[in-house]
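Colleague: Right, I'll just put the structure down here and ask away after.
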Amino acid sequence: MKLKRLPARLAVTAAAALAFATCAHAALPTVPAAPAEPVAPVVGAGGLLQAGLGMAVVLGLIFLCAWAARRFGLPRFGSSPLLKVLGSAMVGQRERVVVVEVGQTWLVLGVTASQVNALHTLPAQALPAAAVPPSASGSGGGGAKAAELFAQKLRESLGIQPKPGA
């Protein structure tokens, strides 16, 4: 009877030994095939230079857009064609006098931090050419007059005599 049980115990023991050997092999440390190369530094002088130049370009574009908006008189957010601010003057730290054109009427307003008061009302008048901002001048004759004046001054500075009859 002992002989019949021996092969079963031997099979169980062999299976346990095989499982232990497999687990032990999996737990052994492995040796890498090739040594890892050193990693280059993430931030170098070239990267810092590239980031600095990129930031300078972006800031330059922001200032260019602000200059163009001011130069060409782009409309501001919330502006209305019915209402034009003709001018303003500071009379205190938080107080100012503002002249506003509404239709054919000028309103002189006193503006503070907490209220707006109408100081005077008068009919709209023609502004002198020097007081009209470039965006409000439109396509009138003011531009042609300025161009002719510039051409005359240029001719004088170059010593060119004007053509007879011109």
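Colleague: So if I check each of V57, V31, V43, V12, which one is among the aliphatic types (A, V, I, L, M), outside any helix (DSSP H, G or I) and modelled with pLDDT of 70 or more?
Modeller: V43
Colleague: Filter the stretch 97-122 for residues that are of a type outside the set (A, V, I, L, M) and in contact with a Leu (Cβ under 9 Å, 6 or more places away or on another chain); which is nearest to G73 (Cα to Cα)?
Modeller: Filtering the stretch 97-122 for residues that are of a type outside the set (A, V, I, L, M) and in contact with a Leu (Cβ under 9 Å, 6 or more places away or on another chain), the one nearest to G73 (Cα to Cα) comes out as E101.
The values are calculated or read from the model by the stated rules, or taken from the named source; none is laboratory data. Since we're looking at a predicted model, the values are computed, not measured. Neighbour counts run over all protein chains shown; Cβ positions are idealised from the backbone, glycine included.
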